[in-house]
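S.K.: This is the structure, below, for whatever I ask next.
Since every read-out is calculated from the coordinates, none of them should be taken as a lab result. These numbers were taken from a predicted model, which means no experiment stands behind them. Cβ: placed from backbone, ideal geometry, glycine included. Neighbour counts: every protein chain shown.
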């Protein structure tokens, strides 16, 4: 399994170090993470075409490949897909471990989940992980204890499912998709809401992880 790891606390954060180590038994782990903390950036990416982005050389340490890029988590995923994973896409993207809970309205701002969303946009299964603490040196023992079982169950489930995310230029979009209507010269009016929970999938996951 080819695993791309990123986060929003920066490559030096303890959480991403722990996560990379936890994922190592499952395949080849490649970390492409922000050079500095990028909390609250959601799915932001730089849009200035002439703006240069610094990227370090890829280095290997104990079987894990590490690279940091001076940009947002979402852009780190884009960068990785356009460079290291240009020819062979990762099987899964794992973002975290975020210092601070990504719950309730925080999901609207979380760059940890923004990086996972970038994976979904590119039809790559993605997982975001966080812990409910703001300590600089948090205790990740609960993650170390429970994450492997959760990860294995999710991988087993999603390897047989089609990812729900659909790219804007996908031919499978419905005829009245907003970008298609705009291309035809129409004005497109689309209602949105901030509740991003997939309730159908939530119900299905309850059969995998019974309460």
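S.K.: When the range 125-136 is examined, which residues are found to be surrounded by 19 or more Cβ atoms within 10 Å (Cβ to Cβ) and part of a loop (DSSP other than H, G, I, E, B)?
M.R.: 125
S.K.: Can you confirm whether the range 7-29 contains a residue that is closer than 27 Å to residue 134 by Cα and part of a strand (DSSP E or B)?
M.R.: yes
S.K.: Scan the range 76-104 for residues that are in contact with a helix residue (DSSP H, G or I) (Cβ under 8 Å, 6 or more places away or on another chain), without any contact (Cβ under 8 Å) to a residue 60 or more places away in the chain and outside any loop (DSSP other than H, G, I, E, B) and jot them down.
M.R.: Kept after step one, since they are in contact with a helix residue (DSSP H, G or I) (Cβ under 8 Å, 6 or more places away or on another chain), are these residues of the range 76-104: 76-78, 89-90, 92-100, 102.
Among the residues that remain, those that are also without any contact (Cβ under 8 Å) to a residue 60 or more places away in the chain are: 78, 102.
Correct list: 78 only.
S.K.: Are there any pairs, at least 6 apart or on different chains, whose C-beta atoms fall under 8 Å, with the first in the range 6-34 and on the phi > 0 side of the Ramachandran plot and the second assigned to a loop (DSSP other than H, G, I, E, B), and if so, which?
M.R.: Short answer, once both residue conditions are applied: 10/35; 10/36; 10/37; 10/38; 27/1; 27/91.
S.K.: I would also like to ask the following. Restricting attention to the range 137-151, does a residue exist that is more than 30 Å from residue 210 (Cα to Cα), exposed (fewer than 13 other Cβ atoms within 10 Å of the Cβ) and in contact (Cβ under 8 Å) with a residue 60 or more places away in the chain?
M.R.: Yes: one or more hits.
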